[in-house]
Amino acid sequence: MSYLITGGAGYIGSHVVRALREAGEPVVVLDNLTTGIADRVPEDVPLVVGSTLDRALLDRTFAAHEITDVVHLAAKKQVGESVEMPLHYYRENVHGLQTLLEAMAAAGVGRFVFSSSAAVYGMPDVDLVTEDTPCAPINPYGETKLVGEWMARAVGKAHGISTACLRYFNVAGAATPELADTGVFNIVPMVFEKLTEGAAPRIFGDDYDTPDGTCIRDYIHVADLADAHVAAARRLAEPGPVRDLTLNIGRGEGVSVREMIDLICEVTGHQGVTAQVTPRRPGDPARVVAAADRITRELGWKARHDVREMIASAWAGWGLRGRH
Ligand SMILES: NC(=O)c1ccc[n+]([C@@H]2O[C@H](COP(=O)([O-])OP(=O)(O)OC[C@H]3O[C@@H](n4cnc5c(N)ncnc54)[C@H](O)[C@@H]3O)[C@@H](O)[C@H]2O)c1
Ligand SMILES: O=c1ccn([C@@H]2O[C@H](COP(=O)(O)OP(=O)(O)O[C@H]3O[C@H](CO)[C@H](O)[C@H](O)[C@H]3O)[C@@H](O)[C@H]2O)c(=O)[nH]1
């Protein structure tokens, strides 16, 4: 048996590859390297360079590597870009998933872990977002993740594929500096960039209905997130009925943008830097914090790393920039 990790050369996927290998599982990576980096894939892990849209390649890969389980992370993930290029997002994220599920059903693959996102919830008006909070995505990226969940569950039911949809909250940090996120799309690297330039980090709006007026998010260390994939994959592999899991992956702890920027400045040695408040960024919900207890109940998984560790490990990776 082998795991196929789509998107395994990406930021999160490379952590999942590492965690599954450390758990003793054989893994194969399929990645088209559009945002992935081949060097992130360990030398002794087979890397199939190609797209989830390539059905013939998928069929060959399933047969050649005797794939029994799939962890699907390959996707486009930039919210703003998804608004500009919705068809591209639907093609890569939805049609890519459809093609993958078709190949899985044909090959008799029985287990599937899917990278979903808190983006499926849209603008949740609740203190803690449970898995039963209604899904109402507000951008094409979130829509592709919700449609992906629907498709995965329906196909799982019809074809006897045990499925786990994992809804990640705000991911940060790195297990080792080489595996750090190279994109500058989220608050942690965006603040690093400003600090490195000697500029003021920006707060996108301080007039939200929150205690300090800035948005609140739930940050999760990528190494914890990777461990959650191992726990989910293990559960699906246990004997028993076909499973259908939907799980939030967060820490259940809200951190405001102002708190986050203060902590980043402290951890990176930029005390005394003052953030600049700019207008709100369109589409930002005031508060998105996970009710994170279902996954603990279901899988016994719990996050181990705090926000300070996320920042410190991301900063160590930031120091390697330009050397890739
Ligand atoms: N980073 C986050 O904050 C976050 C939050 C929620 C969900 N997610 C989801 O987690 C997954 C991984 O995200 P990431 O942050 O590691 O992004 P990433 O861009 O680093 O990784 C995505 C990987 O998939 C590959 N890829 C993209 N389209 C492909 C295709 N059609 N065929 C084969 N390979 C393809 C890319 O080359 C890349 O290696 C995505 O599904 C994303 O939507 C990420
Ligand atoms: O320089 C910055 C960067 C971000 N922010 C704020 O920081 C918060 C977090 O922003 P991120 O861009 O880091 O993350 P988001 O919460 O917007 O979105 C992330 O989490 C979502 C799920 O909640 C989706 O998964 C999405 O893909 C992922 O980027 C937001 O209030 C944003 O306005 C700032 O104030 N200044």
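The values are calculated or read from the model by the stated rules, or taken from the named source; none is laboratory data. Worth saying up front: this structure is predicted, and the values here are computed from it rather than measured. Virtual Cβ from ideal backbone geometry, glycine too; neighbours counted across all protein chains shown.
Worth pointing out:
- Residue within segment 102-109 that is surrounded by fewer than 18 Cβ atoms within 10 Å (Cβ to Cβ) and in a loop (DSSP other than H, G, I, E, B) present: yes
- Every test in (1) more than 30 Å from Arg251 (Cα to Cα); (2) acidic (Asp, Glu); (3) within 10 Å of ligand 1 (Cβ to nearest atom) is passed by Asp59 save one, and that test is (3).
- In segment 195-279, counting only strands (runs of 3 or more DSSP E) that sit wholly within it, the ones holding 3 or more residues that are within 10 Å of ligand 2 (Cβ to nearest atom) and either modelled with pLDDT of 95 or more or touching a strand residue (DSSP E or B) at 6+ places or on another chain (Cβ under 6 Å) (or both) span 202-204, 276-278.
- When residues in segment 7-27 are screened for being away from ligand 2 (no atom under 16 Å from the Cβ), over 20 Å from Pro177 (Cβ atoms) and in contact with a helix residue (DSSP H, G or I) (Cβ under 7 Å, 6 or more places away or on another chain), 3 of them pass.
- Some residue of segment 40-55 being within 17 Å of the chain's Cα centre (by Cα) and near ligand 1 (Cβ under 10 Å from one of its atoms): yes
- Within segment 28-42, restricting attention to residues that are in a loop (DSSP other than H, G, I, E, B) and over 13 Å from Glu178 (Cβ atoms), the residue that is nearest to ligand 2 (Cβ to nearest atom) is Thr35.
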